1. Please state which one of C:SER140, C:SER93, C:SER109 is out of contact with any helix residue (DSSP H, G or I) (no Cβ under 9 Å at 6 or more places or on another chain), on the phi < 0 side of the Ramachandran plot and of a type in the set (Ser, Thr, Tyr).
2. What about A:LEU308, is it over 17 Å from the mean Cα position of the chain (by Cα), within 30 Å of D:GLU89 (Cα to Cα), of a type outside the set (S, T, N, Q) and at pLDDT 95 or above?
3. Taking only the stretch B:182-216 into account, find how many residues are within 12 Å of another protein chain (Cβ to nearest Cβ), over 23 Å from B:GLY87 (Cα atoms) and surrounded by 19 or more Cβ atoms within 10 Å (Cβ to Cβ).
4. Residue under question is D:ALA317, and the condition is that it be open to solvent by less than 20 Å² (accessible area, probe 1.4 Å) and within 30 Å of A:GLY87 (Cα to Cα); does it hold?
5. Among the residues of the stretch C:170-180, write down those that are crowded, with 19+ Cβ neighbours inside 10 Å and either at the interface with chain B (Cβ under 10 Å from one of its Cβ atoms) or more than 25 Å from the chain's Cα centre (by Cα) (or both).
6. Out of D:GLU274, D:GLU279, which single residue is surrounded by fewer than 20 Cβ atoms within 10 Å (Cβ to Cβ) and free of Cβ contacts under 8 Å to residues at least 24 places away in the same chain?
7. If you check D:ALA151 against the conditions, is it open to solvent by 50 Å² or more (accessible area, probe 1.4 Å) and not in a loop (DSSP other than H, G, I, E, B)?
8. Failed condition for D:ALA289, given (1) among the aliphatic types (A, V, I, L, M); (2) over 15 Å from the mean Cα position of the chain (by Cα); (3) outside any loop (DSSP other than H, G, I, E, B); (4) more than 18 Å from D:ASP328 (Cα to Cα), with all others met?
Number of protein chains: 4
Amino acid sequence: VTVTQKRGGGGTGAGNGLRILKFGTTDPTDVSASARLVANGYNPEDLVAVVGKTEGNGCVNDFSRTLASVAWRDIAPAGTVTIMSGGTEGVLSPHVTLVVRQRDGEERSGLVGGASETADIPKWEIGRRGQVNAVAQAVSIAMRDADLTVAQVHLVLVKCPLLTSEDVAACISQGEQPVVTDTYESMAKSRAASALGVALALGECASNEIDDALIGGAPQWSSVASISSGAELDNCHILVIGADEAGGQLRMAHAVMADALDYAAVRSLLDIVEKDRGEVVQVFAKAEADPTGRVRGYRHTMLTDSDLQSTRHARAAVAGLIAGVVGDPAIYVSGGAENQGPAGGGPIAVVYSVGASSGGSHAAR
Amino acid sequence: VTVTQKRGGGGTGAGNGLRILKFGTTDPTDVSASARLVANGYNPEDLVAVVGKTEGNGCVNDFSRTLASVAWRDIAPAGTVTIMSGGTEGVLSPHVTLVVRQRDGEERSGLVGGASETADIPKWEIGRRGQVNAVAQAVSIAMRDADLTVAQVHLVLVKCPLLTSEDVAACISQGEQPVVTDTYESMAKSRAASALGVALALGECASNEIDDALIGGAPQWSSVASISSGAELDNCHILVIGADEAGGQLRMAHAVMADALDYAAVRSLLDIVEKDRGEVVQVFAKAEADPTGRVRGYRHTMLTDSDLQSTRHARAAVAGLIAGVVGDPAIYVSGGAENQGPAGGGPIAVVYSVGASSGGSHAAR
Amino acid sequence: VTVTQKRGGGGTGAGNGLRILKFGTTDPTDVSASARLVANGYNPEDLVAVVGKTEGNGCVNDFSRTLASVAWRDIAPAGTVTIMSGGTEGVLSPHVTLVVRQRDGEERSGLVGGASETADIPKWEIGRRGQVNAVAQAVSIAMRDADLTVAQVHLVLVKCPLLTSEDVAACISQGEQPVVTDTYESMAKSRAASALGVALALGECASNEIDDALIGGAPQWSSVASISSGAELDNCHILVIGADEAGGQLRMAHAVMADALDYAAVRSLLDIVEKDRGEVVQVFAKAEADPTGRVRGYRHTMLTDSDLQSTRHARAAVAGLIAGVVGDPAIYVSGGAENQGPAGGGPIAVVYSVGASSGGSHAAR
Amino acid sequence: VTVTQKRGGGGTGAGNGLRILKFGTTDPTDVSASARLVANGYNPEDLVAVVGKTEGNGCVNDFSRTLASVAWRDIAPAGTVTIMSGGTEGVLSPHVTLVVRQRDGEERSGLVGGASETADIPKWEIGRRGQVNAVAQAVSIAMRDADLTVAQVHLVLVKCPLLTSEDVAACISQGEQPVVTDTYESMAKSRAASALGVALALGECASNEIDDALIGGAPQWSSVASISSGAELDNCHILVIGADEAGGQLRMAHAVMADALDYAAVRSLLDIVEKDRGEVVQVFAKAEADPTGRVRGYRHTMLTDSDLQSTRHARAAVAGLIAGVVGDPAIYVSGGAENQGPAGGGPIAVVYSVGASSGGSHAAR
């Protein structure tokens, strides 16, 4: 199955950078951040991506993601990548992170990046090689647009589709077998394929390792991929962010949390920020229930709780840790870290500003 | 309504101390910790209290608490206080903390304490002054048994009843109005009354401030109370723990988390432990969703999530923070901190050991 | 507090009737029913109301309602009443019921009705007398527009607002006490006030009985009110439907279910339909957990299940009964029947067609 | 893998019958039914089986089942089969159905039956052929004990184990692959294998069709199997009930619901009861969400609701229908009907009494 590339929102291109602005939302329809964008010297046409945490369950029937996507569709220019991650369990605070392209002539921010989209993923390719390849291509295009090398990349955000009951039935009626028939499980399969696509594009795994990894073989993972699946789209939206070699006021660092208790990884990033006398703008992290049923040898119950999906448990716990340590609950913590960091852990990236004030960029309250 | 005092399990009395041993459980019926108690030189007759985290929802229909209580009833001597707190959301690991009375002649541990029980609380007194007074009396008795002054007390754990639909109907049929008819809300009312009972016994509030506090007036709170409500009992079980003035290998410290993000409070306790070159044995903390709908000015969604009770959200988040920072998920974090610490926050206490190894006391894995 | 009346979508007026068309939806954004409306000889300008069952939890954080409302806002003319009821538990099938005004010259359908809206309800009036009065006025206006007498009315659908955490905080900051601070409970209070408004307009209770009923005094209820609350609006939307005295192809009947097991009430309506050799077009029913904790003397657990709100339980059960007996799962069953029918029960209304085929009017599959 | 047969509680043997007594419970620990047994002329020694509906979620972490099993373990004689089915959604009322062996010399009731147990099922055999065979053998033994032919059998109740996270990890550490790693899904796999065991024992499918059926091939199902899985046991408990050829006061009839809306099937059984001028004693039914995502062509949302497991949805809806039509909410409706009736449907059986009063046998209120 061929998955052709759809041209996305583009990236910083040569000579420009990205700025990151973060604003709280009152509900999923709240697009008042667009007005605050203007107050910060940008306008909606500058948007490369809108990355949000919305207050649904983050699972199959999370319509808060769709509602936010629909609301921003009226504001953002065509081609803008929208990555709405559902689930603000515990202390997490709903917000949007606006990623804007700097204007020509602006002092470069220090961050560069690119956005792209794949074509629609046929439902039977979700969680399979076709999705892996499509994401890998889209990541490569976004990197090329932004003139980014692998070493510069700190974060690859992907939003990808899932399978509803209707999708499963449609596959079967067309003589195709979906990768899985459980709709919640399809989210994990889609995240896994997308993450392997990122890993492939970044050289974190080899092409001949993919098929085995897709069926749960030898673990392959990306240390910068952050994948979220949802019913609000049929293709994959990709945002790659990295450090401008020329430096600037905005900087990034990333690490990998080995497990959901990995305070040391969080601390290591804050140490970098503090050493640079910086101020945290945004944190992006992935969380998951350790699939062995244990964390550091202790039994957890996230996989036997039939009242509450494990992704909700994991998001609440890991966000509780990071938000507390950083002192900011308006962070991007997403659940389900298949092939994103080691099993039970996940990548974590921080954007921070140094020097002059970051000007409203993290006024998410 | 008079609530008479029922004689509880007693305390350390003069000349003895308490030891704290912590063991993981495989499920709520798992009482293998009693065998491990023996391996540590104690036996079930030495039990003053069994304090557990069980893996239910921690709400009205959490039968994991009852199941654990029933299982320990066959093991522990009559009068042993059982405080089973449901809810091991996120990284929390189910376990039991066994509190044993040291034998005559043992070197004193450094901790002293007492356990007591109230008589059954009439259902219409739940959440009302009758419960406040009963708990206050029981706390005083436990303190007296252990020869503890207010200044020595670091933690008062209470397990108290709630109202089921049957209880509500029974009240009404008897011509009494229950404090509230919503069963989940009755848990909060019962915790509030118990906490005010602790505050009263410890002089943290005055008797004439109680009535107003019960109806949501001027906030009165205890900085050492940790209250859990449940359907598994009809009276209140109380455990008071404090520091032996003579010192010893086990020590305690406590603080108050101002909100669910209060990493600094956690850090302050660990600083004390580290200064003493100690090792954490157990942490006891309370968590709740800030009733204003905001934490540090940021909107949270714990009070508008009709799929998941706010106590579950809060437990997951605060436990995620503490467990990560301490590096131990087998800690006691309980949800619903009404009148326990300031609104949105809650007390946190740590037991730690210094000097020689603490033996098997925290082998909760 | 004065609540002024906002002009609604109007009604059938003199000389025209209403038609009811029902179509299944693939998700909350699905407005393909508007195209099927055209295929049935109407167009969006003819819409008086869009009444939907959407697939959220039907509680505070049900964004499926908002998403559907937003989607129809682009299709339906200004003033169209939208009543989106969340929650399709069990066999319930998501669908929209389109209520259209017949064109001049069409043979009158047999149904008449009117739609209206109140002004925005101040948050502190939700669940209070101000809301009751506003709804009562709006019902009267809708009836007058449709030239309906009380005896002709079979159904009054109302959509009304609720209190979010933000609303509660806003009330308090403005020195006003909200009727309740629990957001889920605010839905019940809003439904109760709206139902009493309907009862008042229809003469089912007297004005001087309202205040007592609002605080849980002597039960007052409407036998035709069907109220749903939600976060997607700030005012109340009202739709009144009744029988045209001139008769026609469409007919209605209504009854009151005494409890959630009241098969006899369902049967009585079907008997009427069968006697007329009619075909059921749509059923509208309300469901709730009996507040005593018992149904026909048997204990139920809907009020002690902290994992699942009682409105979800009740909707699933009552819809299971009606859908099975009628043989159609695309029916309108809404949860929370405060002051709508007796405690534990609720009104049920059926629209049916006689004579010639009803066209595409119930092609909800 | 050999699964040896463990001797169960036995059956009616030659010359005796079974009686069915039903009593409501106040909570899972309520064994007051044993006293009511005595009041009805039996005592706990006469128990063949205790079949209960308990008020948990009916899923992996339903400890209400375990709590009830533990409570009855102290009352019932060794070998008594306990089948506790969790989940009393909607109108379902928690209760126990006590199945007692008639005394020598009593007039035979009209029902005969047998109970048996398998040996513990190795965790890696759950959902696989080993479990199928073990259940098939146990069913045959129970039938032989009761001298029952296939044609006489109306109901085969089975309680079987599931996989917890610990079980999954234990399998893997022993080099065995569990049938599935998702704990909730393991319940379905275990039910499927047990149902196929029943079908095999009753000749409803052939041995060489089993392997294909286990992997989702051609559908094979039993029309009398009712299977419930749970964490409270490691082996399978079986109860077979059928009609005594000699007739008697108690009678049975069974049918198959083609889908969750199959009112006609319920009606057909009641028609039999009414024709015999009988009185319903108990109904046993299975419910499931149609795996195609549609019921009678209408979309349902039970498989895309990540907040609520589909078994809970299905139980609420089907129980709502049956309880309403029968007028009794203390019925046994269990969720998850894999290989029990056709996809989306399930078997339904009724026990009824004719002639003299059934003497307290359905006083479940």
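1. Going through C:SER140, C:SER93, C:SER109 in turn, just one is out of contact with any helix residue (DSSP H, G or I) (no Cβ under 9 Å at 6 or more places or on another chain), on the phi < 0 side of the Ramachandran plot and of a type in the set (Ser, Thr, Tyr): C:SER109.
2. Yes.
3. Number satisfying all stated conditions: 0.
4. yes
5. Across the stretch C:170-180, the qualifying residue is only C:CYS171.
6. D:GLU274
7. The answer is yes for D:ALA151.
8. (3)
The values are calculated or read from the model by the stated rules, or taken from the named source; none is laboratory data. In this text the structure is predicted, and so the values were computed from the model without any measurement. Neighbour counts run over all protein chains shown; Cβ positions are idealised from the backbone, glycine included. Remember, those area values only see protein heavy atoms, side chains included, never the ligands or the DNA or RNA. Shrake-Rupley method; radii C 1.70, N 1.55, O 1.52, S 1.80 Å.
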